[in-house]
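S.K.: Sharing a structure here in structure tokens format.
The values are calculated or read from the model by the stated rules, or taken from the named source; none is laboratory data. On a predicted model such as this, the values are computed, not experimentally measured, just so you know. Using ideal geometry, Cβ is built from the backbone for each residue, glycine included, and neighbour counts are taken over all protein chains shown. For the accessible areas, the whole protein counts, side chains as well, though only heavy atoms, and no ligand, DNA or RNA atoms are used. Shrake-Rupley method; radii C 1.70, N 1.55, O 1.52, S 1.80 Å.
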There are 4 protein chains.
Amino acid sequence: MIRTVRYWDPETHAVHLGLLRDGQVYSITRRVPAFTDPLPVWYTFRALDLSVEEGFARLVDGVQPMASYEELAAQSALLPPVDAREVWAAGVTYERSRQARNAETKLQDSVYDRVYEAARPEIFFKATRERVIAPGQPLGLRSDSAWMVPEPELSLVLTAAGDIVGWTLGDDLSSRDIEGENPLYLPQAKVFSRSCSFGPVLLWNTGAEVPAGWTLTLTIRRGGDIAFQGSVSLQQLRRPFEELVAYLRRDNPVLDGTVLMTGTGIVPPDEFTLQPGDTVDIELPEIGVLRNPIAAPLGK
Amino acid sequence: MIRTVRYWDPETHAVHLGLLRDGQVYSITRRVPAFTDPLPVWYTFRALDLSVEEGFARLVDGVQPMASYEELAAQSALLPPVDAREVWAAGVTYERSRQARNAETKLQDSVYDRVYEAARPEIFFKATRERVIAPGQPLGLRSDSAWMVPEPELSLVLTAAGDIVGWTLGDDLSSRDIEGENPLYLPQAKVFSRSCSFGPVLLWNTGAEVPAGWTLTLTIRRGGDIAFQGSVSLQQLRRPFEELVAYLRRDNPVLDGTVLMTGTGIVPPDEFTLQPGDTVDIELPEIGVLRNPIAAPLGK
Amino acid sequence: MIRTVRYWDPETHAVHLGLLRDGQVYSITRRVPAFTDPLPVWYTFRALDLSVEEGFARLVDGVQPMASYEELAAQSALLPPVDAREVWAAGVTYERSRQARNAETKLQDSVYDRVYEAARPEIFFKATRERVIAPGQPLGLRSDSAWMVPEPELSLVLTAAGDIVGWTLGDDLSSRDIEGENPLYLPQAKVFSRSCSFGPVLLWNTGAEVPAGWTLTLTIRRGGDIAFQGSVSLQQLRRPFEELVAYLRRDNPVLDGTVLMTGTGIVPPDEFTLQPGDTVDIELPEIGVLRNPIAAPLGK
Amino acid sequence: MIRTVRYWDPETHAVHLGLLRDGQVYSITRRVPAFTDPLPVWYTFRALDLSVEEGFARLVDGVQPMASYEELAAQSALLPPVDAREVWAAGVTYERSRQARNAETKLQDSVYDRVYEAARPEIFFKATRERVIAPGQPLGLRSDSAWMVPEPELSLVLTAAGDIVGWTLGDDLSSRDIEGENPLYLPQAKVFSRSCSFGPVLLWNTGAEVPAGWTLTLTIRRGGDIAFQGSVSLQQLRRPFEELVAYLRRDNPVLDGTVLMTGTGIVPPDEFTLQPGDTVDIELPEIGVLRNPIAAPLGK
């Protein structure tokens, strides 16, 4: 398993890309200053005909670790694992999501039923680079929503050509009441300040990973207790990755490092809504834990 | 009336901001190298307590024009009049649009009727800077849509605080069939390669402009003929600018130079769809003509 | 008197340009985000036909100060007062300097005598932007020099066209023994890591300043004592500013914000050399005090 | 022999790094978008434990050439082969240079004799990135000099740590009369507009190159004739590369991609001076030909 992080290195006052191994972080950037992001590394390995494992083995050969992952997290030094200029997302890719979104709305002939079955999936723009929140940093509630939930999503990291560089975890923080009021309000339910985070690491695609065998767990803590916990198997994802990527890229060239969130299969009960002070943990053992506290709406 | 353009100056190989007066373009950038975009100029005039007219009068006092507007357009030197990193749009802000979008869909209890009347307007993300097409450059059709139209929209240019710096014209090129199939497909109907253009100038807000008195005209030419032409009065815009800006910015800080398209009130007949080779002209006399040719879908 | 500083604003995590008045700093950047450096402000005032005093009076009208100058200095938040990409310097512009440099060398028919009298002054490249040390930050000694002194110099801040935007203080830290060994070693005596600082403020050229009436004082402290102190009147500067600027710019276009140090008229006794831990203060009452500690040579 | 070029690719409107093989240019940038300059490639090969030959063989395996070198040169598409932010130079490193510089001056106890023999070489700052002229572009004469010559110099391309990435050719265009008048005028004799070019390729250091066996030739054409031609063997270079690099870097950290010109061993007769319209060719068979036309001084 190859996992990388991006972090702010206090010594050099610069962004570093690091390999995460046994809880320790080995700086790739110290060996190749131009490597501050996974995409150039991906292109380099491919152009040099090196497997991901062989490439990283060479890159860190004889190198001492910079710090432990826990130290970086504790110092709020973690950055999104990819410098993504655009984050997109898919919706209604799990049966559980279809059920939940139907429950939000009063429409008959549900748009959610139809998109679940249709050839064309639901794909939407989620965030620009400026709007992405780093792992560990707070996501923020909307001032005009009384029903908000995190949406834990396995996320793909793509090249411009649609290759899957690897996977990470994403939180598509959403307003269920604004969305439920009218599907035309989806952008306002999805795209706002501090509504998107992904990380904490990039799990590289070496060809050996089997996402269908993965399980994603959402845990929301409030005070000292668990306010909600749920899991879903990736087997419940009804859309193949390749199909989501194909629709994303149709007539729509994307940039290297684009993140595509693949939809949520875990939805808290309808009576649950996030509160300031909650902590959201999205976990997938092969990737790690994406943790974000929840903050109150911005003042105005 | 104060109108500015941005263009590529071949002499200095750089982006220039210019004042447009009597068909001639006077470079502001030659006098103040840092002024390559309207926003810094707006902030400067406000901070120095100068009216827009007084400020520009001083900036071009005694200056010779660089070129005529027609020359710049003919040389494909025009750039978007604002360096906007984000373009957003509003929908169903005219009665004509409500009718048209209802016609696209088979849903009862129309989401379009509801958003037309509701307190919350439809607001969506339209384009990132990389996805904006300059005036005069081609917009592109989708390969999987058989029903596409330009959406001519008066557009606001905003500061981060929501001040209206001025107005420009925008084309929210859209796929009516993809949208009509399911409102969850709106992003795919709206956000794709070469789907957004705005310009050709920025008409500055001096306090003397009366948008309610404006008329916007769409002319689509095919071969040597006019394939469609229609007009709408801005009086038909049912949402005040301030309301659209307020909803855009709610829990959603925007960047200086954000463009907000205010919706379309001109919709060709249902049987009309754009073809490669068409030319789309969006005209509002106080602003000018935004012209974009229509190109075939990207190959893949 | 108009004086500006540049500093790192911890609230916005950005570079700010500020007006210094009565010990308080008023952020210009908060009013006009594009104004992070004096040069755009200079061009703007000139293009808008505003005097420097009138322009700054308007810019800070009704504005509350950000911080005191002393606070910024104490927090090491001061930056060079101009974002200069190039720093140049003149030599042997004072009789005292001619004497001193003659004492360093064993050559007859002294190159220093000749350049003092000749039409063409001595002009040399001193530092790139990366090599400029901010006010308050340490300058560094060379590992291979046993005789080093600061060279306190009134410095001009220029536009590309050679206009004097204003004045600041500069320290042209130099190795007297390396230079004295052979004038061909001047670059190595002048251009090395941490060999150049300027500031702390920019005193703007309003037309009312009379540099010939200024006095520059150098004070070097060691332990708790004054190890050296000396002064020189600007009347001792034998080269007019315009002449130095003309020679700098001959066949040599310079960038906006170029700093030109005008030579030193204060030279400690021959037996004096700087030591790590010394503090160097260069003072001119109309400008302020440029303070830099002296650090030991870099390890290797 | 591994040789790379940098050029402007008209298709992608971007800077490309290319491998030059049998007169054809293979774009490296097309395979790895982050590789637009040699230094990241050098660091990558070293970090991945690949020899330069093995690395480049893999990078261009199966790739079709972009264009021929001659085509790029004819289109003025060549750029300096390294994106160097600083260019430095050494002087009096050949006997012939010592003789020539003595002839320029009237000083006894010549500074040139002394620096030729001394432990410390002459090292000086030659150009910033903005002042570097690309291969094929014009170098410019000074308006106040009647005696100017090109100085053809083998040049080193360095990492920040002082490793020799490879070699290229450099032209240290100089004014012999300004320098001869007083060595304190060296910067004005060396550092001015259009006074520095290097290229046309970077010859990579694979460990197999033997610079001591190289011969450098200078050919100056005027009208249809050869106005001057001369050669020098690198065996005449009296300073080892490592020594020049060591003195450059002493107390003076340099940036990745710094170019160090190693001095000239070819000097035209004293009666020769460049004229506008001349063409200067600097040739070393293992590297290629650096060609620059000579332009008249800038107007003022």
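S.K.: If you line up the long axis of helix A:38-47 against the longest principal axis of chain A, both from Cα atoms, how many degrees apart are they, to the nearest 10?
M.R.: 60
S.K.: On to the next question. Which whole-number percent is the relative contact order of the range C:51-155 (Cα, under 8 Å, 6+ apart)?
M.R.: Once divided by the residue count of the range C:51-155, the mean separation gives 32 percent.
S.K.: On the rotation axis linking copies D and B, which residue of D comes nearest by its Cβ, and by how many whole Å?
M.R.: Residue plus distance in Å, as requested: D:H13, 6.
S.K.: So, one more: List the residues whose amide H sits under 5 Å from the amide H of C:A67, counting only those 5 or more places along or on another chain, with H placed 1.01 Å from N in the peptide plane.
M.R.: Excluding prolines and chain starts, which carry no amide H, the hits are C:V25.
S.K.: On a 0 to 90° scale, report how tilted helix C:95-104 is relative to the longest principal axis of chain C, with both axes built from alpha carbons and the result rounded to the nearest 10.
M.R.: 50
S.K.: So, counting K/R as plus one and D/E as minus one, what does the shell of residues with Cβ under 10 Å around C:L50 add up to? Don't jump to the answer; show the numbers that get you there.
M.R.: Working: positive: B:R58, C:R46, C:R58; negative: C:D49, C:E53, C:E54.
The answer is 0.
S.K.: 5 Å is the cut-off here: which amide hydrogens, built 1.01 Å from N in the peptide plane, fall below it relative to B:R21, excluding neighbours closer than 5 in sequence?
M.R.: The list, which skips near neighbours in sequence, is B:Y26.
S.K.: Something else: Could you give the nm distance between label points at A:D113 and B:T217, where each point is 7 Å from its Cα heading toward the beta carbon?
M.R.: Each label point lies 7 Å from its Cα, and together they span 4.9 nm.
S.K.: Here's something else I'd like to know. Run the accessible area of the protein assembly as shown with a 1.4 Å probe and give the carbon-and-sulfur part as a rounded percent.
M.R.: The value for the protein assembly as shown is 48 percent carbon and sulfur by accessible area.
S.K.: Under the Karplus relation 6.51 cos²θ - 1.76 cosθ + 1.60, θ = phi - 60°, what is the ordered set of whole-Hz ³J(HN,Hα) values for the range A:240-255, x standing for Gly and Pro?
M.R.: Whole-Hz 3J(HN,Hα) from phi for the range A:240-255: x, 3, 4, 5, 4, 5, 4, 5, 4, 8, 5, 6, 8, x, 10, 8.
S.K.: Enumerate the amide H contacts of D:R239 below 5 Å, restricted to partners 5 or more residues apart or on another chain; note that Pro and chain-start residues carry no placed amide H.
M.R.: Excluding prolines and chain starts, which carry no amide H, there are no hits.
S.K.: Hey, can you list the residues from the range A:120-134 whose accessible area shrinks by 40 Å² or more with all protein chains present, relative to the chain by itself (probe 1.4 Å, no ligands or nucleic acids)?
M.R.: Hits at the 40 Å² cut-off: A:R120, A:I123, A:F125, A:E130, A:R131.
S.K.: Over chain C, what is the relative contact order in percent, taking alpha-carbon pairs closer than 8 angstrom and at least six residues apart?
M.R.: 23
S.K.: List the accessible area buried at the contact between D and C, summed over both sides and calculated with a 1.4 Å probe, in Å² to the nearest 100. Kindly include the intermediate steps, with their values, before the conclusion.
M.R.: Details: alone 13180 and 13190 Å², together 22380 Å².
Between D and C, the summed buried area is about 4000 Å².
S.K.: Okay, next question. Along Cα-to-Cβ, 7 Å out, sits the label point; list in nm, shortest first, how far the one on C:E70 is from those in the other copies.
M.R.: Those label-point separations list as 4.5, 6.7, 7.5 nm.
S.K.: What residue among C:D171, C:D163, C:D22 shows peak mean-square fluctuation when chain C is described by a Gaussian network model with Cα springs under 10 Å?
M.R.: C:D22
S.K.: Relative to the present Cα-Cα distance, how much length would full extension add between C:I226 and C:L255 at 0.36 nm per residue of separation?
M.R.: Length gained between C:I226 and C:L255: 6.6 nm.
S.K.: While we're on this one: Within 10 Å of each Cβ in A:56-63, how many Cβ atoms from other chains are there, averaged over the peptide?
M.R.: 2
S.K.: Moving on. May I ask you to give the solvent-accessible area per residue for the protein assembly as shown, in square angstrom, as obtained with a 1.4 angstrom probe?
M.R.: 35
S.K.: Another one. Between the range C:1-74 and the range A:99-152, what's the alpha-carbon centroid distance in Å?
M.R.: The two parts, judged by their Cα centres, are 44 Å apart.
S.K.: While we're here: Need one word for the range D:86-295: rounded, prolate or oblate. Basis is the Cα gyration tensor (sqrt eigenvalues a ≥ b ≥ c); a/c below 1.5 gives rounded, then a/b vs b/c decides.
M.R.: rounded
S.K.: Right, next: Restrict the search to the range C:205-300; then list the GluC sites (Glu not before Pro) that DSSP places in a loop and that have at most 10 other Cβ atoms within 10 Å of their Cβ.
M.R.: Numbers: sites: C:E209, C:E242, C:E243, C:E271, C:E283, C:E286; in loops: C:E209, C:E271, C:E286.
For GluC sites (Glu not before Pro) across the range C:205-300 that sit outside H, G, I, E and B with at most 10 neighbouring Cβ atoms in 10 Å, the list reads C:E271.
S.K.: May I pose another question? Tell me the distances, shortest first, between A:E11 and the same position across the other copies, using label points 7 Å along Cα→Cβ, in nm to one decimal.
M.R.: Label-point distances to the other copies, shortest first: 3.6, 4.2, 5.2 nm.
S.K.: While we're looking at this one, here's another question. Taking the label point 7 Å from Cα in the Cβ direction, how far apart in nm is C:D113 from each other copy of itself, listed shortest first?
M.R.: 2.0, 10.4, 10.5
S.K.: Return the sequence-ordered ³J(HN,Hα) values of the range C:170-182 in whole Hz as given by the Karplus equation 6.51 cos²θ - 1.76 cosθ + 1.60 applied to θ = phi - 60°, using x for Gly and Pro.
M.R.: Whole-Hz 3J(HN,Hα) from phi for the range C:170-182: x, 10, 9, 4, 9, 9, 6, 6, 4, 5, x, 5, 5.
S.K.: Please list, in order along the range B:120-125, the HN-Hα scalar couplings obtained from phi with the Karplus expression 6.51 cos²θ - 1.76 cosθ + 1.60 (θ = phi - 60°), rounded to whole Hz, x for Gly and Pro.
M.R.: Using θ = phi - 60°, the values come out as 7, x, 8, 10, 9, 6 Hz.
S.K.: Now a separate question. Are there any trypsin sites (Lys or Arg not before Pro) in the range D:80-121 that are in a DSSP loop and have at most 11 other Cβ atoms within 10 Å? List them by number. Working shown, then result.
M.R.: On the way: sites: D:R85, D:R96, D:R98, D:R101, D:K106, D:R114; in loops: D:R85, D:K106.
Here the sparse-neighbourhood loop sites are D:K106.
S.K.: If you don't mind, there's one more thing I want to ask. For the protein assembly as shown, what does the alpha-carbon gyration tensor say about shape, rounded, prolate or oblate, given a ≥ b ≥ c as the root eigenvalues, a/c under 1.5 as rounded, and a/b over b/c as prolate? Walk me through the numbers on the way to the answer.
M.R.: Values: a/c = 1.78, a/b = 1.62, b/c = 1.10.
Here the protein assembly as shown falls in the prolate category.
S.K.: Determine the calculated [θ] at 222 nm for the protein assembly as shown from helices alone, applying -39500 (n - 2.57) to every DSSP H run no shorter than 4 residues and normalising by the residue count; nearest 500 deg cm²/dmol.
M.R.: -5500 deg cm²/dmol, from helical runs alone.
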